[in-house]
1. Output the residues belonging to the stretch 158-172 that are among the small types (Gly, Ala, Ser) and crowded, with 24+ Cβ neighbours inside 10 Å.
2. Of everything in the stretch 319-360, what is touching a residue at least 60 places away in the same chain (Cβ under 8 Å), of a type in the set (A, V, I, L, M) and under 21 Å from residue 129 (Cβ atoms)? Give them in sequence order.
3. Give all pairs with beta carbons closer than 8 Å in which a residue from the stretch 158-173 that is in the same structural domain as residue 326 (by TED's automatic domain parsing) and at positive phi meets a residue that is assigned to a strand (DSSP E or B) and at pLDDT below 95; count only pairs at least 6 apart in sequence or on separate chains.
4. So in the stretch 112-136, with the set limited to residues that are assigned to a helix (DSSP H, G or I) and in contact with a Leu (Cβ under 7 Å, 6 or more places away or on another chain), which one is surrounded by the most Cβ atoms within 10 Å (Cβ to Cβ)?
5. When you scan the stretch 158-180, do you find a residue that is of a type outside the set (Ser, Thr, Tyr), assigned to a helix (DSSP H, G or I) and under 23 Å from residue 313 (Cβ atoms), even just one?
6. Filter the stretch 326-339 down to residues that are out of contact with any Phe, Trp or Tyr (no Cβ under 6 Å at 6 or more places or on another chain), within 18 Å of residue 384 (Cβ to Cβ) and either assigned to a strand (DSSP E or B) or not charged (D, E, K, R) (or both), then give me how many there are.
7. Applying the selection to the stretch 303-317, what residues are touching a residue at least 60 places away in the same chain (Cβ under 8 Å) and either within 20 Å of residue 355 (Cα to Cα) or assigned to a loop (DSSP other than H, G, I, E, B) (or both)?
8. Taking only pairs six or more apart or across chains, which ones have beta-carbon atoms under 7 Å, a first residue in the stretch 291-302 that is under 13 Å from residue 246 (Cα atoms) and in a strand (DSSP E or B), and a second residue that is among the basic types (Lys, Arg) and modelled with pLDDT under 90?
Amino acid sequence: MSKKLDETLKELRRRMALLNPGQQGDRQTRATEIKSQPIIDNKSITLNDGNPFKPGKIGAPIHALLVERLLLAIRKRCGISRSDDLNRKLHRFFDGKTEGYESLEEWVTHMESLDANSAEWVAFVESILIHETYFYRDKGQLDDIRFNTLPPIILKKKMGLSPSLRIWSAACSTGEETYTIAMLALEALIKSGEATETSPGNINVKPEWNIEILGTDISWVSIIKANEASYVTYGLSAFRDMPNELERFFEPKGDSKIGDRRQDGNDRRGVLKRAGQNNGERREDKNDRRKRFYQSKYLQVKQDIRKLAKFKTHNLFSGTPPGSGYDIIFCRNALIYFDNEGKRQIQLLLAGALAPGGYLVLGPSDTLLLPDFFETKRSKNALYYQKNQSLAVNL
């Protein structure tokens, strides 16, 4: 490695350390300090997008060029479009990523050579994506699916000799959406008489039904977490918007069981209904029961829900869906990462995987780019799309 490049890399690492959010100090102040210290001489260098590099931007020209190469590799393999946030993440990602390589360029060349499904490449993509989700996200939309869409689907399906229900939750992250869908599907089956609830949260579906609820994500780490089906209850938890009636589908994970934890005098007084006792019996109100429910640090989805939900890794930009003939496909809060070309390619894939008359559920900020393929369904709090009956399953 040349002396000049060695000095440049040392300066790059120093600047990445300044951008570390874990350090003390104002972020804007650190950014200003970085901008005021150009790394190399003021020379005219043109980036891959045709724009000249301007000294004073965060990072050196060599740094910016390598980030540009990574952006192109990400776009080609995953369809994820460039953004200011992604650009900043890639600049920060270089810090400490050159062990075993003579230069940053060698490391980028190595990353470019990896297969899109290799563990190292997938781990790299995972590190720059956001995996934020929670149970019953976008309540208005799910309420409409729950009360107005699932019941008629099940009513129609139950008339067949081999009734089935197939739902795909694409870009499911750590599984909260997929398990939510499974709970709503079971509730709809109970109300239609196709399943019975033997005890709270324990459901027996009639044996003739074939139910497939699939969750997929590009992140194998997220899929492992989804299969574990265990979620924390503290902080900004996955349960923050979940309706009370769905709590019966969970149980504490670990040694503590609901109702088993010993209570001191103050705790016992806290769970007594304020109106007093009824016929000598202690009664808990709704808030007391919820408080006691969340005493466990972790809650796990019950077995009857877990056995319905299956998970696997899948890249939406692969061009091939994990199956076909789905009654409903959810792809929410994922298309924001893609440009219009990528969004259209993914929506074509989703449309092809839907059965004729099936429903496509996108995120509230997503725009449908295939209006000829779908009929828009609107309600007071929801917007989703029904595939035209005349379209073949595989487009």
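1. Listed by number, the residues that qualify are 169, 170, 171.
2. Answer for the stretch 319-360, where residues must be touching a residue at least 60 places away in the same chain (Cβ under 8 Å), of a type in the set (A, V, I, L, M) and under 21 Å from residue 129 (Cβ atoms): 329, 334, 346, 350.
3. Going by the 8 Å Cβ cut-off, the qualifying pairs are 171/217; 173/217.
4. 121
5. Scanning the stretch 158-180, I find at least one residue that is of a type outside the set (Ser, Thr, Tyr), assigned to a helix (DSSP H, G or I) and under 23 Å from residue 313 (Cβ atoms), so the answer is yes.
6. Just the residues of the stretch 326-339 that are out of contact with any Phe, Trp or Tyr (no Cβ under 6 Å at 6 or more places or on another chain), to begin with: 327, 330-339.
Next, only the ones that are within 18 Å of residue 384 (Cβ to Cβ) stay: 327, 330-336.
Those still in the list that are either assigned to a strand (DSSP E or B) or not charged (D, E, K, R) (or both) too: 327, 330-331, 333-336.
The total comes to 7.
7. Within the stretch 303-317, 308, 309, 310, 314, 315, 316 qualify.
8. 299/253; 300/253
The values are calculated or read from the model by the stated rules, or taken from the named source; none is laboratory data. All figures in this text were calculated on a predicted structure; none of them were measured in a lab. For neighbour counting, all protein chains shown are included, and Cβ atoms are generated from backbone atoms with ideal geometry for every residue, glycine included.
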